[in-house]
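A short reminder: the numbers here are calculations on the coordinates, not readings from a lab. Given the structure is predicted, the values throughout are model-derived calculations rather than measurements. Here the Cβ is made from the backbone with ideal geometry for all residues, glycine too, and neighbour counts use every protein chain on show.
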Ligand code: VG1
Ligand code: CO
């Protein structure tokens, strides 16, 4: 029943910021998926008889890859596979299932915020037994293996029925089809005061949750409408579609503009939120006010003790390097640890496991805590709701009070998408070459105090990750950061992160791009963006 199939390596199966992402036509080449999954298994030890979790965001090609993964897991000797019904598991839900059922690890099938469909993106990511993305040591081993692989193992068996809850068998391996929502909803009920949120909603507080036709649809419906009593219509775009309705399932001000406009309108709801393809990102908008993800991290950290799951307080906060320093000021006030990591959730795992950090966040709409080992979109929404229910003030009031206490970090990210890879690399190389000469000089009348290429020294396992983004720091706490995206599937994307710290409450209501204008000009001057890319303007501003 199990067969060994001869194969030849592909040279491009290097996992990026969050797993392997490619266009579907690349993934559907003969043996492409099989090679990668076998390379994952070949990089692991000790999983015979153990449990593997399998699920994805439901995008095009998800169901096919679930079948391949299950058959390969059986042939490679796993004892049990837990598969989300319909092949569905949001990324945070998959992380929870791995932890709750003490699985050896999991395969999460997703290209997250990237578009889906027959010519769009697909992705595969391996998560380890703590529920989090495999650390670099493992992703490097997977890539190395993928370049030498000669064969893979797979069961010669009919497809399993992934749409019926219950247990089936492939050889000796049990395949359990599980409800993708139930365990996750139960976890949320443990962390948050559902009675308080229910009372808030009953009192007339209105909200909208936009699933962008992606995986959080069923999670939002169950938790917000069924368990918390929000009226029907609270959840929008809640039917997951294989192509996300032709949109980018990326919850930012560009792709979730309708939601933003609704929250800015006089008759809009009190609170709006959206999540991405695989459910790990969140967009938070209060009536009349957008909360940047960096600010959201800081505001959630400052108020987390109001939710039952965090009433003992936080052990520490961690943020990715490009994320604004707003959370640092909260950590300072709470006298708790603050950790700055490279981009990508895999770097938070050690800090969470060691109980050094309780809450983590990234500027790219990622926030999460030690409840799982992934960022978690709906979790952030529920923590906001819990805080609003306890404090009984608006999002605007929370934000203004926060800024008055800590100062405001004006923040924006400018993405130059789909630029020529050679030009993007040259931009970074040229900038890197002049880093030593920058401190002490000025650009756009801003004095540079420090410039480097960020390297992370993991305080837990002592590993070092270099070249994680170029940062130029200015007097007064402003900075610009440059890095290349590791999640794209065509050309290169240059991300420029711009931040200014403003302590003066009289200057907390400025328009963001205006407040950052001189820094934006300085980024252009420093990196010669136009010269290297031919672009005057970014393609996406968040
Ligand atoms: C982007 C974000 C990063 C995030 C990653 C995965 O990576 O910047 O913060 O962790 O996407 O998010 P990059 O390398 O393109 O900048 V998800 O929701 O796409 O899994
Ligand atoms: Co995502």
Check: Fewest first, what order do 537, 45, 140, 64 take by the number of other Cβ atoms within 10 Å?
Finding: 45, 537, 140, 64
Next item on the list: Calculate the length of the line joining the C-alpha centroid of the stretch 142-164 to that of the stretch 476-542, in whole Å.
Entry: 42 Å
Item checked: Span from the the stretch 171-208 Cα centroid across to the the stretch 29-65 one, whole angstrom -> 27 Å
Item checked: Of all DSSP beta bridges in the stretch 184-406, antiparallel share, percent nearest 5 -> 45 percent
Next item on the list: Enter the mean projected area of the convex hull around the alpha-carbon atoms of the stretch 105-239, in nm², rounded to one decimal.
Entry: 11.9 nm²
Next item on the list: Rank the residues 91, 4, 323, 542 as a footprinting-exposure proxy: fewest other Cβ atoms within 10 Å of their Cβ go first.
Entry: 4, 542, 323, 91
Note to self: On the Cα set of the stretch 298-422, report Rg and Dmax in Å, please.
What the structure shows: 15.0, 52
Notebook entry, point to check: So what's the chain giving for Cα Rg divided by 2.2 N^0.38 Å, two decimals?
Noted result: 0.95
Check: Considering only DSSP beta bridges with both partners in the chain, what is the antiparallel share in %, to the nearest 5?
Finding: 70 percent
Check: How big is the stretch 184-406 on each of its three principal axes, counting only the C-alpha atoms and giving the largest first in Å?
Finding: 42, 37, 32
Checklist line | Cα radius of gyration and Dmax for the stretch 366-506 (Å) | finding: 18.9, 52
Notebook entry, point to check: Hey, what did the stretch 34-85 get for relative contact order, percent, Cα under 8 Å, at least 6 apart?
Noted result: 51 percent
Check: For the stretch 247-315, what relative contact order do you get, as a whole percent, if you take Cα pairs closer than 8 Å and at least 6 residues apart?
Finding: 22 percent
Next item on the list: Let me have the 222 nm mean residue ellipticity of the chain computed from DSSP H runs of 4+ only, each contributing -39500 (n - 2.57), with the sum over all residues rounded to the nearest 500.
Entry: -9000 deg cm²/dmol
Item checked: Ascending count of other beta-carbon atoms within 10 Å, so fewest first, for 397, 120, 502 -> 397, 502, 120
Item checked: Compactness index (Cα Rg / 2.2 N^0.38 Å), the stretch 2-180 -> 0.92
